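Okay, structure first, notes after.
The values are calculated or read from the model by the stated rules, or taken from the named source; none is laboratory data. On a predicted model such as this, the values are computed, not experimentally measured, just so you know. We place every Cβ from the backbone using ideal geometry, glycine too, and count neighbours over all the protein chains shown. Just the protein is used for accessible areas: all its heavy atoms, side chains included, with ligands, DNA and RNA removed. Shrake-Rupley method; radii C 1.70, N 1.55, O 1.52, S 1.80 Å.
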Amino acid sequence: DFQADSDINAALAELKSAAETLRAQASTFGANLSVLQNRQDFTKGLINTLTTGADSLVLADPNEEGAKLLALQTRQQLSQTAMSLANQADSAVLRLF
């Protein structure tokens, strides 16, 4: 259907419009790609941070924690014994009078 100059000019106008539309879409895709890459980088960083934190919470040394608990229990028993001895000493002093 390119028998007249007007037909050719119309086809060229359509092609020019299509090329402009493609350029605009390519620009939009480029901007969206940049946003998606930033979000992906942020998400990867967040995942790494949360994984490291979770690993730190779970990887406690049971032997070390057991030793800490035993030391705490020993301190509590010693303080109770000291309190009992102090009360007995007070009672002994009061019996003298």
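Mind checking the dipole of the range 28-97: about its Cα centre, +1 per Lys or Arg Cβ, -1 per Asp or Glu Cβ, Debye to the nearest 20?
On the way: 5 positive and 6 negative charges, 33 e Å.
Dipole magnitude for the range 28-97 comes out near 160 debye.
Helix 62-96 and the longest principal axis of the C-alpha atoms of the chain enclose an angle of approximately 30°. Across the options Gly66, Asn32, Ala11, the greatest Cα extent toward the positive end of the charge dipole of the chain (unit charges at beta carbon of Lys, Arg, Asp, Glu) belongs to Gly66.
Want the number for Gln76 to Asn9: 0.36 nm per residue separation, take away the alpha-carbon distance, what's left? List each step's numbers first, then the result.
On the way: separation 67, 0.36 × 67 = 24.12 nm, distance 9.67 nm.
Working it through step by step, the gained length comes to 14.4 nm.
On the accessible surface of the range 39-78, probed at 1.4 Å, how many percent belong to carbon and sulfur atoms? Exposed carbon and sulfur together represent 62 percent of the surface. Per residue, the range 19-86 exposes an accessible area of 88 Å² to a 1.4 Å probe, with every protein chain left in place. What's the FRET efficiency of Asn48 with Lys68 using the Cβ-Cβ distance as r and R₀ = 41 Å, to the nearest 0.05? Working from the Cβ atoms, E equals 0.90. Across every direction, the projection of the convex hull enclosing the Cα atoms of the range 3-52 has a mean area of 3.8 nm². Based on alpha-carbon atoms, the Kirkwood radius and the radius of gyration of the chain give Rg/Rh equal to 1.82. Each label was represented as a point 7 Å from its Cα along the Cα-to-Cβ direction; for Ala86 and Ala60 these points are 3.0 nm apart. Accessible surface ranking for Val35, Val58, 1.4 angstrom probe, highest first: Val58, Val35.
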